[in-house]
Amino acid sequence: MKCESARDCIVLLNYGELPDELAGGLEQHLTECEGCRAELEAFQMFEERLALLPVLEPSPNLLAQSRMRLDDELDMIPPHGFLTQLRTHFYRWLGHVQGAPALATLLLGVGFLAGNFTLRYQVAHAPKPQKPVVVTGPDEGVDKGVIANVTGIVQTPNSELVQVKYNRVVPETMEGSLDSPEIRNLLMVGTRAAGVDGADTVRKDSVALLTNECKSGHACQPTAVDGKEIRNALMVSLRYDQDAGVRMTALEGLQRFVGQDQHVRDAVLEAVMHDSDAQVRKTAIGLLEPVQSDSSVRQVLRTVSTQDANPYIRTASYNALQSSADIQ
């Protein structure tokens, strides 16, 4: 993803309109582009400051003037075109037909006869059955479910014989230790599983295994070869997975890195502010305990303590603020 596209996606993300299929690409781009990360942080800072301002209700005079202007603009709309008028007249004529039973019966009879004639014509002119397909490869038949793509088509001159070359998709299985880079890479791919049977279970299992690796300290440390990639995969699951249980599991895997990794801390703060599940927000607030003295953390907690719709979350944020004040 290029920076121009990423910045458009950042705008959609801040307004909650970013499609799920673009979320992973944006997340990957943000891990590599300092400029776009700064753009996202600026948006978030603007929203947090804006959230602290009081919401002003429009005055009755402004509403009345707006309605009057809307009525004036509607009156200035030009008359409907020819096609619109034709459609209107058709529906009006159809209404008259519904009120005339004899005419409606006649039209139904004409329609039945026309449909019968059309069916007989199609049957008489239907194409003749084609000759059976002959497979020249090692397989005895072609299964459409395992065809990846068609790579070439050659027709014999002056003949109906056609040769089609295609590639097949064969499911594979890999078995190995959780310490294996190949297994970890497959698990990270599994956190984004979608569009196939059992995708929800695959995402849950993948995030759970990666979380256990992080909790045990085997894989997510900055010194690990793929430690950063695993943390990024868990952050993507925390931000975009539709299952609250998966997001909760991802939080557990990121817990020990809140104080070490600024990106992890930002992901947890986003969960506190925007996650749709109250239990996920409560857990995220608890994860921020080691960094409650951070100014950005205090600002988010202050906003949530006054604006969250859940009174329990507001209380938890307030208590966290009081704890950080005692620490200072």
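The values are calculated or read from the model by the stated rules, or taken from the named source; none is laboratory data. Worth saying up front: this structure is predicted, and the values here are computed from it rather than measured. Note that we place each Cβ from the backbone using ideal geometry, even for glycine, and neighbour counts take in every protein chain shown. Heavy atoms of the whole protein, side chains included, go into the accessibility calculation; ligands, DNA and RNA do not. Shrake-Rupley method; radii C 1.70, N 1.55, O 1.52, S 1.80 Å.
On the basis of being at pLDDT 70 or above, of a type outside the set (Phe, Trp, Tyr) and either touching a Ser or Thr at 6+ places or on another chain (Cβ under 9 Å) or open to solvent by 60 Å² or more (accessible area, probe 1.4 Å) (or both), does Glu27 make the cut?
No.
Could you list, in sequence order, all residues of the range 223-273 that are of a type in the set (Gly, Ala, Ser), closer than 22 Å to Leu13 by Cβ and crowded, with 18+ Cβ neighbours inside 10 Å?
Applying the first criterion (of a type in the set (Gly, Ala, Ser)) to the range 223-273 yields 224, 227, 233, 237, 244-245, 250, 253, 259, 267, 271.
Narrowing further to those that are closer than 22 Å to Leu13 by Cβ: 233, 237, 244, 250, 267, 271.
Listed by number, the residues that qualify are Ala233, Ser237, Ala250, Ala267, Ala271.
Among the residues of the range 155-179, which ones are of a type outside the set (A, V, I, L, M), at pLDDT below 80, closer than 30 Å to Ile230 by Cα and surrounded by 10 or more Cβ atoms within 10 Å (Cβ to Cβ)?
Across the range 155-179, the qualifying residue is only Asp179.
If a residue must be farther than 24 Å from Gly245 by Cβ, open to solvent by 20 Å² or more (accessible area, probe 1.4 Å) and in contact (Cβ under 8 Å) with a residue 12 or more places away in the chain, how many such residues does the range 284-303 contain? Walk me through it before giving the result.
Within the range 284-303, the first condition is being farther than 24 Å from Gly245 by Cβ, and the residues that meet it are 290-299, 301-303.
This time we only want the ones that are open to solvent by 20 Å² or more (accessible area, probe 1.4 Å), so: 290, 293-296, 298-299, 302.
If we keep only those that are in contact (Cβ under 8 Å) with a residue 12 or more places away in the chain too, we end up with 290, 293-294, 296, 298-299, 302.
Going through the range 284-303 one residue at a time, the tally reaches 7.
For the range 45-62, indicate whether the set of residues that are modelled with pLDDT of 80 or more and either out of contact with any Gly (no Cβ under 7 Å at 6 or more places or on another chain) or surrounded by fewer than 10 Cβ atoms within 10 Å (Cβ to Cβ) (or both) is non-empty.
To start, the set of residues in the range 45-62 that are modelled with pLDDT of 80 or more comprises 45.
Among the residues that remain, those that are also either out of contact with any Gly (no Cβ under 7 Å at 6 or more places or on another chain) or surrounded by fewer than 10 Cβ atoms within 10 Å (Cβ to Cβ) (or both) are: 45.
Yes, some residue in the range 45-62 is modelled with pLDDT of 80 or more and either out of contact with any Gly (no Cβ under 7 Å at 6 or more places or on another chain) or surrounded by fewer than 10 Cβ atoms within 10 Å (Cβ to Cβ) (or both).
Only residues in the range 230-251 that are on the phi < 0 side of the Ramachandran plot and among the basic types (Lys, Arg) count as the first member; pair them with residues that are assigned to a helix (DSSP H, G or I) and open to solvent by less than 20 Å² (accessible area, probe 1.4 Å), Cβ under 6 angstrom, at least 6 apart or cross-chain, and list the lot.
That search, which allows pairs on different chains as well, returns Arg247/Leu238; Arg247/Val280.
What's the total number of residues in the range 188-216 that are modelled with pLDDT under 85, aliphatic (A, V, I, L, M) and either surrounded by 15 or more Cβ atoms within 10 Å (Cβ to Cβ) or not in a helix (DSSP H, G or I) (or both)?
Number of matching residues: 3.
I need a count of the residues in the range 304-328 that are open to solvent by less than 80 Å² (accessible area, probe 1.4 Å) and under 27 Å from the mean Cα position of the chain (by Cα).
4
I need the full set of residues from the range 8-20 which are assigned to a helix (DSSP H, G or I) and either surrounded by 17 or more Cβ atoms within 10 Å (Cβ to Cβ) or touching a Lys or Arg at 6+ places or on another chain (Cβ under 7 Å) (or both), in order please. Please lay out each step first, then the result.
Our first condition is that a residue be assigned to a helix (DSSP H, G or I); within the range 8-20, this holds for 8-14, 20.
Of everything in the range 8-20, those that are assigned to a helix (DSSP H, G or I) and either surrounded by 17 or more Cβ atoms within 10 Å (Cβ to Cβ) or touching a Lys or Arg at 6+ places or on another chain (Cβ under 7 Å) (or both) turn out to be Cys9, Ile10, Leu13.
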